Amino acid sequence: MYQETNKIDLVQKVLKNWKGFFIPYEMALNELKSDFNIIDLEWKSKHGYSPIEHMKTRMKTIMSLVEKIENKEIPLTQESIKQEIRDIVGVRIVTSFIDDVYLLKEHIEQREDIRMIRVKDYIKEPKKSGYKSLHLVVETQVILSNEVIWVPAEIQIRTSAMDFWASTEHKLNYKYQGESIPEEAQKQLIELSNASSLLDKEMSKLRIQLLSSETDSNG
């Protein structure tokens, strides 16, 4: 589809003509960071701990966006990209406990300033590789001076154990880029994924003790 030009030409075109395209996405990212920082502070105040262990945010680079446009064979128009690419903004939230993954999902569903668009639960149905995470595609509300807009974003929520596993897989994929990960390493990844599930189950027991202790102290 893009044989007449190359990635550099496309990147230069986006940089030259689309200066305002990314601004709403930057606003949406700021909104989401603020929302989750407030949740973090509120839970620490009320319960003595937060469901958010740590959080990472990112905006797709222009090169990454161009590669996705090419891979999905999307017309190089702002409207097409707005409709077809929903993860220009990304938020990854890491929790200590698997229960808190779904607690955060429920909270997001109840918010009036965030719309849930799509849910992919790779915790209940892991990928063949062993990858586990909860992926949410949402739209977040951005209030401008004369209008309200809704901007798409992807939110990934996973436990610390899942995050460590995903980081390890990413490093292996980077090492063997363009080639298949050796079968023995693939087996080890699946075994580690199963071990991380056991760890999360044991951590859930600690969470119950944590919350019951907090209830007792307040009672």
Would you check which residues across segment 103-116 are more than 14 Å from the chain's Cα centre (by Cα), open to solvent by 40 Å² or more (accessible area, probe 1.4 Å) and not polar (S, T, N, Q) and list them?
-> 103, 106, 107, 109, 111, 112, 115
Which residue out of 67, 147 is acidic (Asp, Glu) and either more than 23 Å from residue 169 (Cβ to Cβ) or within 12 Å of the chain's Cα centre (by Cα) (or both)?
-> 147
Out of (1) open to solvent by 10 Å² or more (accessible area, probe 1.4 Å); (2) under 18 Å from residue 109 (Cβ atoms); (3) in contact with a helix residue (DSSP H, G or I) (Cβ under 7 Å, 6 or more places away or on another chain), the one residue 135 does not meet is (3)
Please specify each residue of segment 142-152 satisfying the condition of being open to solvent by 50 Å² or more (accessible area, probe 1.4 Å) and in a strand (DSSP E or B).
-> 143, 148, 150
Go through segment 162-176 and give me each residue that's surrounded by fewer than 23 Cβ atoms within 10 Å (Cβ to Cβ) and either in contact (Cβ under 8 Å) with a residue 60 or more places away in the chain or not aromatic (Phe, Trp, Tyr) (or both).
-> 163, 166, 167, 168, 169, 170, 171, 172, 173, 175
Cβ-Cβ under 9 Å pairs, at least 6 apart or on other chains, segment 4-22 side closer than 18 Å to residue 88 by Cα and modelled with pLDDT of 70 or more, far side in a loop (DSSP other than H, G, I, E, B) and open to solvent by 90 Å² or more (accessible area, probe 1.4 Å) | none
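The values are calculated or read from the model by the stated rules, or taken from the named source; none is laboratory data. What you see is a predicted model, and the numbers here were worked out from it, not measured in a lab. With ideal geometry, Cβ positions are generated from the backbone for all residues, glycine too; neighbour counts draw on all protein chains shown. The protein model used for the area step is the full one, side chains on, heavy atoms only, and it has no ligands, DNA or RNA in it. Shrake-Rupley method; radii C 1.70, N 1.55, O 1.52, S 1.80 Å.
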